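Student: I'd like to ask you about the structure that follows.
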């Protein structure tokens, strides 16, 4: 779904399921991937489909919670190191769009 893009409209939130390959469509200039509401119970891979409307400099924030030591790998449309979870903890990581892929902008941070 496309609409009014951030910063004039809201950020888009996309929820992940608890396990498996995740297909996420990106059309907004700020997207939050919610991997907390359904904490990982198995390994996950995130693959992006990026709209032509997304501009270089767009941001993607991933919030990832795991039940144990599940991993989150970044696949199509992303470039970043695989994250290994810690039981019951949440890690956040930000990506910035370079015009081709969302590239990891820093080290994932455990927030709880």
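The values are calculated or read from the model by the stated rules, or taken from the named source; none is laboratory data. Keep in mind that this is a model prediction, so the values were computed, not measured. Here Cβ is always computed from backbone atoms with ideal geometry, including for glycine, and neighbour counts include all displayed protein chains.
Student: Could you count how many residues in segment 1-30 are at pLDDT below 95 and under 20 Å from residue 57 (Cα atoms)? Before you say what the answer is, go through the steps one by one.
Tutor: Filtering segment 1-30 for residues at pLDDT below 95 gives 1-10.
When the remaining residues are screened for being under 20 Å from residue 57 (Cα atoms), the result is 2-10.
Looking only at that region, the number is 9.
Student: Give the residues of segment 1-24 that are in a loop (DSSP other than H, G, I, E, B) and within 23 Å of residue 65 (Cα to Cα), sorted by residue number.
Tutor: Narrowing segment 1-24 to residues in a loop (DSSP other than H, G, I, E, B): 1-11, 16-19.
Result: 11, 16, 17, 18, 19.
Student: Test residue 24 against the stated conditions and say whether it is more than 23 Å from residue 87 (Cβ to Cβ), surrounded by 14 or more Cβ atoms within 10 Å (Cβ to Cβ) and either in contact with a strand residue (DSSP E or B) (Cβ under 6 Å, 6 or more places away or on another chain) or without any contact (Cβ under 8 Å) to a residue 24 or more places away in the chain (or both). Working first, answer last.
Tutor: Numbers: more than 23 Å from residue 87 (Cβ to Cβ): yes; surrounded by 14 or more Cβ atoms within 10 Å (Cβ to Cβ): yes; either in contact with a strand residue (DSSP E or B) (Cβ under 6 Å, 6 or more places away or on another chain) or without any contact (Cβ under 8 Å) to a residue 24 or more places away in the chain (or both): yes.
Yes; evaluated as a whole, the condition is true for this residue.
Student: Six or more apart or on different chains, Cβ under 8 Å: which pairs go from a residue in segment 42-69 that's on the phi > 0 side of the Ramachandran plot and without any contact (Cβ under 8 Å) to a residue 60 or more places away in the chain to one that's assigned to a strand (DSSP E or B) and surrounded by 17 or more Cβ atoms within 10 Å (Cβ to Cβ)? Could you list them?
Tutor: 57/97
Student: What number of residues within segment 35-60 are closer than 16 Å to residue 78 by Cβ and within 13 Å of the chain's Cα centre (by Cα)?
Tutor: Adding up the residues that qualify gives 11.
Student: Further question: Quick one: residue 107 ticks every box in (1) touching a strand residue (DSSP E or B) at 6+ places or on another chain (Cβ under 7 Å); (2) more than 14 Å from residue 24 (Cα to Cα) except a single one, so which number is it?
Tutor: Unmet condition: (1).
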